[in-house]
Amino acid sequence: MKKFLESKLFRAIWSFGLAAILFMICPPCFSKTTLMILLGIQLVLINGASIIGNWIWLTHISRVLVGGLFIFSGFIKANDTIGFSYKLEEYFQVFKEATHLGLFDWFAHISLPLAIIICASEIILGIFLLIGYKRNLTLWLLFAQIAFFTFLTFYSACYNKVTHCGCFGDFLQLKPWESFWKDIALMILITLLFAGRENINEIAAPMMMASFALIGVIASIWFPIYTYRNLPIFDFRPYAIGMNIKKNMEKGAGYKEAEYKTLMVYKKVKDSDAKKEMTQEEYMKSKIWEDTLVWKFDTMITTVVHEAINAPKIAEFSVTNIDDVNVTDSLLNNKDYNYWLVLYDLAKADEDETLQAKINDFYKLATQDKVKFIALTGSSPKEIDNFKHKHNALYDFVRVDATVLKTMIRSNPGLILIKDATIIKNWHHNNFPTYSDAKQKFMK
């Protein structure tokens, strides 16, 4: 039996069978012709492994590309662990809406440890592949991870659910289909590695290999934990130090708005497989909604005709006070130093008494120096009032969309020093400064 399972015949049976299943279940959003080509390539690579394995150079090229890309991808995501956890939450919300399974709520609650695990595992697997450590286990784990991400990006692209995959954080924002094709390329390269796995050997003696592996594992786990407890080391967001918010809100030369196409989908009452798709203009002309005995509303599909051209880097920054009066201009046009305490969600903010006392002391000293100190939050006026009473917070609050605040700084709370709309410095709450220290170093 074991001999049969390792035979070329069994390999052909399962590979062609799997290809047939994938072809049959593929949704209409993806070209069947393109799918046939991709499946054909994979079938050739799988069933021609004995020949491909003789091309040692091809194995090593694939090894460097896959290992390097996994390390780079994991490092970039680990650089902004909290940002990647936000992206995972977005995916889990999409799957919850699609499946109505409460399981994804549980996943959303553990998105941060999952983010750390995924980032660390990508770096670890990349290192293991490059040094040839635990070859078979590494290859299977690489395959499992890329298969999972290929499914995520395909689902996202096919159903237009998540517009930015988060594969490379804010360093390189890939559209869903671009990310999917990146994963397909990796899938092909990993298949080549399976074909030539006998060419992948350890680069040093066993004791040295174990040392390399241990150092790699420790560093890979330490880095995302460090960036979770501090701010990202490399900041690629439009609110990074040195960025001017007003300038980033400006539209580029030749700006054009994004264009969307919306289709109304109706299906027959007595035959749910019979559907009719209409543009909004066709929908209004047809008056199909009046024919309730024959047709009923099914869904509405919105697709992007083209993305915005030269759009502003910051599109949704708007600030209102507790009375719902817009104060965006007054904040951004302040030419003096001022401090923004960012608490995107008061219910999730760190409420350590020592930290809150530091914030209150900072506010008092800043106020004595006539330096503006204000808190920005996405929470409701009632939550703000409760928070102020609980922590004896005397500083004023303004309201900003929580998603914008989560982008501004990866800390809740986090502190930003700003002057004339330019960000001078920011601090994680684990590194909250004293007012005298911040004044001496950054208010010059």
_One residue is enough: does segment 98-106 have a residue meeting the conditions in a loop (DSSP other than H, G, I, E, B), touching a residue at least 60 places away in the same chain (Cβ under 8 Å) and either acidic (Asp, Glu) or more than 30 Å from Ala213 (Cβ to Cβ) (or both)?_
no
*Kindly provide the set of residues from segment 249-295 that are in a loop (DSSP other than H, G, I, E, B) and charged (D, E, K, R), ordered by number.*
Glu250, Lys251, Glu257, Lys270, Asp271, Asp273, Lys287, Asp291
*Check whether at least one residue in segment 95-105 is under 23 Å from Asp170 (Cα atoms), of a type in the set (D, E, K, R), at pLDDT below 95 and in the same structural domain as Ala185 (by TED's automatic domain parsing), and report yes or no.*
no
*Scanning for something polar (S, T, N, Q), within 28 Å of the chain's Cα centre (by Cα) and crowded, with 17+ Cβ neighbours inside 10 Å, does segment 380-403 turn up at least one residue?*
no
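Please specify each residue of segment 216-264 satisfying the condition of being at pLDDT below 85 and not hydroxyl-bearing (Ser, Thr, Tyr).
Hits for segment 216-264 are Lys251, Gly252, Ala253, Gly254, Lys256, Glu257, Ala258, Glu259, Lys261, Leu263, Met264.
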*Before we move on, is Asn310 in contact (Cβ under 8 Å) with a residue 60 or more places away in the chain and under 37 Å from the mean Cα position of the chain (by Cα)?*
no
*Specify the residue that is nearest to Val327 (Cα to Cα); the eligible residues are those in segment 387-402 that are in contact (Cβ under 8 Å) with a residue 40 or more places away in the chain and assigned to a helix (DSSP H, G or I).*
Ala402
*All but one of (1) among the polar types (S, T, N, Q); (2) under 31 Å from the mean Cα position of the chain (by Cα); (3) assigned to a helix (DSSP H, G or I); (4) exposed (fewer than 14 other Cβ atoms within 10 Å of the Cβ) hold for Gln356, so report the exception by its number.*
(4)
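In segment 80-90, what residues are surrounded by 24 or more Cβ atoms within 10 Å (Cβ to Cβ), more than 8 Å from the chain's Cα centre (by Cα) and part of a helix (DSSP H, G or I)?
Result: Thr81, single match.
For every residue, the table says whether it meets (1) basic (Lys, Arg); (2) modelled with pLDDT under 85; (3) within 16 Å of Met187 (Cβ to Cβ); (4) not assigned by TED's automatic domain parsing to the domain that holds Ile190.
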| position | (1), (2), (3), (4) |
| --- | --- |
| Leu5 | no, yes, no, yes |
| Met24 | no, no, no, yes |
| Pro28 | no, yes, no, yes |
| Leu35 | no, no, yes, yes |
| Leu38 | no, no, yes, yes |
| Leu43 | no, no, yes, yes |
*Residues (under 25 Å from Ile309 (Cβ atoms) and out of contact with any Asp or Glu (no Cβ under 6 Å at 6 or more places or on another chain)) located in segment 253-287*: Ala253, Gly254, Tyr255, Lys256, Glu257, Glu259, Tyr260, Lys261, Thr262, Thr279, Gln280, Glu281
*asked:* Take the conditions of a type outside the set (Val, Ile, Thr), assigned to a helix (DSSP H, G or I), touching a Pro at 6+ places or on another chain (Cβ under 8 Å) and surrounded by 16 or more Cβ atoms within 10 Å (Cβ to Cβ) and apply them to Gly67. Does it pass?
replied: no
*Return yes when Lys77 is touching a strand residue (DSSP E or B) at 6+ places or on another chain (Cβ under 9 Å), of a type in the set (Lys, Arg) and farther than 22 Å from Arg197 by Cα and no when it is not.*
yes
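The values are calculated or read from the model by the stated rules, or taken from the named source; none is laboratory data. Bear in mind that the values here come from a model prediction, so they are computed numbers and not experimental data. Positions of Cβ are backbone-derived with ideal geometry, glycine not excepted, and every protein chain shown enters the neighbour counts.
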